[in-house]
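**Q** Here you go, one structure.
The values are calculated or read from the model by the stated rules, or taken from the named source; none is laboratory data. In this text the structure is predicted, and so the values were computed from the model without any measurement. Heads up, the Cβs are rebuilt from the backbone with ideal geometry, glycines too, and the neighbour counts pull from every protein chain shown. Protein only, heavy atoms only, side chains kept; ligands, DNA and RNA dropped before computing areas. Shrake-Rupley method; radii C 1.70, N 1.55, O 1.52, S 1.80 Å.
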Amino acid sequence: MRLLILGASGAGKGTQAQAIAKHFDIRHISTGDFLREEIRPSTALCRAVKRLIDRGDLVPDELMLSIVHEILEGDDFILDGFPRTFAQALALDEICGRLGSPIDMALNIHVPDDDIIQRITGRKVCPDCKAMFHIIFYPPKQAFTCDNCGGTLEQRPDDTASTVRHRLKIYHERTVPIIDFYDRQNLLISTSGTGDVEEITQNLIELLEAKLLVAKLEKKMEKGIWR
């Protein structure tokens with residue numbers, strides 16, 4: 001099973017991708033996490049990529065594609081954070097075609113922009129153990145202190161209100177067209193990302209299982225196999 005998960009930053013893609021990966025026992029591949037690890041070394045390229053991320057800009061297609069080539073081998077995954085442009089979506093189809101592993105389904109999580117801004121600007125992360133908190137939805141027991149390791153919580157540079165608005169603008173301009181791209185291929189599943197997290201997960205799993213079953217039956221019908 002090869003899945004994509006789409007949606008604006010802060011829509012809950014990472015949370016839902018982890019839950020779906022666990023349910024179906026597949027890999028969760030987060031290009032965002034991979035990038036953040038890659039920019040730790042102090043090289044000119046890493047510093048340039050970090051500046052892009054901190055501003056809320058997209059990393060160039062060429063660099064993202066080189067990363068995807070490196071981490072996408074093998075079946076059974078849910079890809080989180082890629083593609084983010086139409087060119088990346090076309091290139092991903094080509095990569096998967098060469099690997100003989102086409103995308104089975106694209107999951108889209110929709111959350112209103114105002115909710116996205118509230119979610120992201122309230123996030124706090126522990127630089128030591130990477131635990132994530134939120135000042136409203138999941139506050140630490142002690143202000144600015146990680147519940148897990150006692151580290152001092154920080155706001156990521158790309159989680160400020162102005163940066164989030166900039167990211168949303170880019171998302172609507174460059175990423176939203178991808179949704180129609182997968183819809184035209186009959187690979188799209190869309191759901192609201194507001195409400196109870198576990199209910200959203202269950203809804204996505206049920207929609208996914210139903211659509212995969214229909215796709216399986218259609219393939220059998222094409223081959224003349226009825227059982």
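**Q** Can you tell me the dipole magnitude for segment 4-131 around its Cα centre, using point charges on the Cβ only (Lys, Arg +1; Asp, Glu -1), in Debye to the nearest 20?
**A** About 600 debye.
**Q** In addition: So for the chain, taking the charge dipole from beta-carbon charges (+1 Lys/Arg, -1 Asp/Glu), which of P139, H110, A19 sits furthest toward the positive end?
**A** Positive-most Cα among the choices belongs to P139.
**Q** Sort segment 97-227 into rounded, prolate or oblate with this rule: let a ≥ b ≥ c be the square roots of the eigenvalues of the Cα gyration tensor; rounded if a/c is under 1.5, and if a/c is not under 1.5, prolate when a/b is larger than b/c, oblate otherwise.
**A** It is prolate, given that a/c is not under 1.5 and a/b is the larger ratio.
**Q** May I ask for the net charge around F181, where only other residues with Cβ less than 14 Å from the Cβ of F181 are counted and Lys, Arg are +1 while Asp, Glu are -1?
**A** Counting the neighbours of F181, the net charge comes to -1.
**Q** How much of K220 can a 1.4 Å solvent probe reach, expressed as accessible area in Å² and rounded to 10?
**A** Accessible area of K220: about 60 Å².
**Q** Which order do I71, I136, I116 take when ranked by solvent-accessible area (1.4 Å probe, heavy atoms of all protein chains), largest first?
**A** From most exposed to least exposed: I136, I71, I116.
**Q** DSSP loop (so not H, G, I, E, B), at most 15 other Cβ within 10 Å: list which trypsin sites (Lys or Arg not before Pro) in segment 51-150 pass both filters.
**A** K130, K141
**Q** Any chance you could give the angle, 0 to 90 degrees and rounded to 10, that helix 197-223 forms with the longest Cα principal axis of the chain?
**A** Around 20 degrees separate the two axes.
**Q** Report which label in [x] 23.1, 90; [y] 18.4, 63; [z] 17.8, 56 holds the value of Rg and Dmax of the Cα atoms in Å derived from the coordinates of this structure.
**A** Entry [y].
**Q** How about segment 159-227: which chymotrypsin sites (Phe, Trp or Tyr not before Pro) there are in a DSSP loop, with at most 13 other Cβ atoms within 10 Å of their Cβ?
**A** Qualifying residues, ordered by number: W226.
**Q** Helix 86-99: angle to the longest alpha-carbon principal axis of the chain, degrees 0 to 90, nearest 10?
**A** 60 degrees
**Q** Suppose R0 equals 35 Å; then what is the FRET efficiency for R184 and R55 from their Cβ-Cβ distance, rounded to the nearest 0.05?
**A** The calculated FRET efficiency here is 0.65.
**Q** Just want to confirm a number: the relative contact order over the chain, from Cα pairs under 8 angstrom separated by 6+ residues, in percent.
**A** 27 percent
**Q** Quick one: 3J(HN,Hα) in Hz for segment 154-163, Karplus 6.51/-1.76/1.60 with θ = phi - 60°, rounded, Gly and Pro as x.
**A** Each residue's phi maps through the Karplus curve to give 10, 9, 5, x, 8, 10, 7, 4, 5, 5 Hz.
**Q** Please determine, in degrees from 0 to 90 and to the nearest 10, the orientation of helix 13-24 with respect to the longest principal axis defined by the Cα atoms of the chain, where the helix direction is its Cα long axis.
**A** 50 degrees
**Q** May I pose another question? Between their Cα atoms, which of K169/K220; K13/K141; K124/K169; K22/K124 are more than 31 Å away from each other?
**A** Beyond 31 Å between Cα atoms: K169/K220.
**Q** Ordering H69, H28 by how much accessible area each has at a 1.4 Å probe, largest first, what is the list?
**A** Ranking H69, H28 by accessible area, largest first, yields H69, H28.
**Q** Follow-up. Using alpha-carbon pairs under 8 Å, 6+ residues apart, how would you state the relative contact order of segment 46-177 in percent?
**A** 28 percent
**Q** For the chain, what proportion of DSSP beta bridges, expressed in % and rounded to the nearest 5, is antiparallel? Working shown, then result.
**A** Working: 7 of 24 bridges.
Percentage antiparallel, nearest 5: 30.
**Q** Modelling each spin label as a point 7 Å along the Cα-to-Cβ direction, I'd like the F86/H134 distance in nm, to one decimal.
**A** If labels sit at F86 and H134, their model points lie 3.2 nm apart.
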